[in-house]
1. Looking at V51, V64 in this structure, which one is in a helix (DSSP H, G or I), open to solvent by less than 40 Å² (accessible area, probe 1.4 Å) and among the hydrophobic types (A, V, I, L, M, F, W, C)?
2. Can you name the number of the only condition in (1) of a type in the set (S, T, N, Q); (2) closer than 18 Å to M106 by Cβ; (3) open to solvent by 80 Å² or more (accessible area, probe 1.4 Å) that T31 fails?
3. Here are some conditions: (1) without any contact (Cβ under 8 Å) to a residue 60 or more places away in the chain; (2) assigned to a helix (DSSP H, G or I). K171 meets all but one. Which one does it not meet?
4. Can you work out which of the residues in segment 207-219 that are surrounded by 12 or more Cβ atoms within 10 Å (Cβ to Cβ) and modelled with pLDDT under 90 is nearest to the chain's Cα centre (by Cα)?
5. Restricting attention to segment 116-137, and to residues there that are more than 30 Å from A96 (Cβ to Cβ) and part of a loop (DSSP other than H, G, I, E, B), which single residue is modelled with the lowest pLDDT?
6. Just a yes or no: is a residue in segment 68-82 in a helix (DSSP H, G or I) and in contact with a Ser or Thr (Cβ under 6 Å, 6 or more places away or on another chain)?
7. Check whether at least one residue in segment 55-66 is free of Cβ contacts under 8 Å to residues at least 12 places away in the same chain, over 18 Å from the mean Cα position of the chain (by Cα) and over 27 Å from H169 (Cβ atoms), and report yes or no.
8. Give just the number: which of (1) among the aliphatic types (A, V, I, L, M); (2) open to solvent by 30 Å² or more (accessible area, probe 1.4 Å); (3) in contact with a Ser or Thr (Cβ under 9 Å, 6 or more places away or on another chain); (4) modelled with pLDDT under 90 does I186 not satisfy?
Amino acid sequence: MEFKILVADDEQSIAQAIAYALRREGFMVETAADGEEALEKTETFQPQVLVLDVMMPKLTGFDVCRKLGNRSDLGVILLTVKNDIVDKLIGLELGADDYMTKPFDMREVVARVKALCRRLEKNAAPPVPAAFSVGGLTLQLEQRTAVLDGQALTLTPKEFDLLALLLSHLKRVYTREELLDQVWGIDYDGGTRTVDIHIQRLRAKLGSHHQHLLQTVYGIGYKAVGEPE
C-alpha cells in the first residue's frame, strides 16, 4: 500500500523539511500552509496520514480535527510548541493518534509516521485466520503450534511469530527493518542481523524439502511462497 501524507504547518520551513524527510522514505507528500488548505487538500489529495500543526491561521489543528470527525481511515499526528497535558488530551479526544512537541528530531517524526501507517494498514487488512496451512506446514495461531508433515515443529516464540507473519502474507516482500519492527518491536536495537539468523534457523528446522517456503529477495528482505491448503 502506497501511503500519502499531508503535512500542514504555517511555518513553511518546517513543513518542507518534514515533507522532504518523508519523501526520502518513499511516501507521497503534499503540504498545506493553514487549516482551511489542510481541509481542502484532505478532500482532494486523500491522504492516509495528516501531520497537523495545532497553531495555524484560519483554522487551528483542533478545528481541523473537529471538522474531519473521527475518521478511521485517516491517521493524525499533531504538532505543537506547547507542552500542556490539557492540549494533548484535547487533541487525543478529537481523534488524533499521536502528539509531538516542537522542537523535535526529524527521525522521530518519520518513525512515528511509519508506525502509524503500519497500524492503519493492519486495521485495514482482513483478519488473519486462526489457523492456516501452506506446503505441508500448519500453524495454529491461538495455540501457537506448528505441525510439519504431521510432526510437531519446535519453534522459539520469535521463530513462530516470524514464520506466522510471513506465511499469513504469502508472496509479500518484507524488508528486514519491517520484520524487525513487527516481530521484535520498534524499540528493539539488536540490528537486522537478528532477522537473518532467525530465517536461517527456520530453514534448518523446515528441512531441505520445505526450506524453499522462505525465500530471500536479494537487496530487500524475505518473503514466503507456496499455495495455501
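1. V64
2. Just one mismatch for T31, condition (3).
3. Result: K171 fails condition (2) only.
4. Let us first name the residues in segment 207-219 that are surrounded by 12 or more Cβ atoms within 10 Å (Cβ to Cβ), namely 210-216.
The next check asks that each one be modelled with pLDDT under 90; those that pass are 210-213.
Details: H210: 30, Q211: 28, H212: 27, L213: 24 Å.
Step by step, filter segment 207-219, then rank; the result is L213.
5. Looking at the filtered set, the residue picked out is P129.
6. Within segment 68-82, the subset in a helix (DSSP H, G or I) is 68.
Cutting the leftovers down to in contact with a Ser or Thr (Cβ under 6 Å, 6 or more places away or on another chain) gives us none.
No: segment 68-82 contains no residue that is in a helix (DSSP H, G or I) and in contact with a Ser or Thr (Cβ under 6 Å, 6 or more places away or on another chain).
7. For segment 55-66, residues free of Cβ contacts under 8 Å to residues at least 12 places away in the same chain, over 18 Å from the mean Cα position of the chain (by Cα) and over 27 Å from H169 (Cβ atoms): absent.
8. (3)
The values are calculated or read from the model by the stated rules, or taken from the named source; none is laboratory data. No experiment lies behind these values; they were computed from the predicted model shown. Neighbour counts run over all protein chains shown; Cβ positions are idealised from the backbone, glycine included. Ligands, DNA and RNA are stripped out before the accessible areas are found, and what is left, the full protein with its side chains, is counted by its heavy atoms. Shrake-Rupley method; radii C 1.70, N 1.55, O 1.52, S 1.80 Å.
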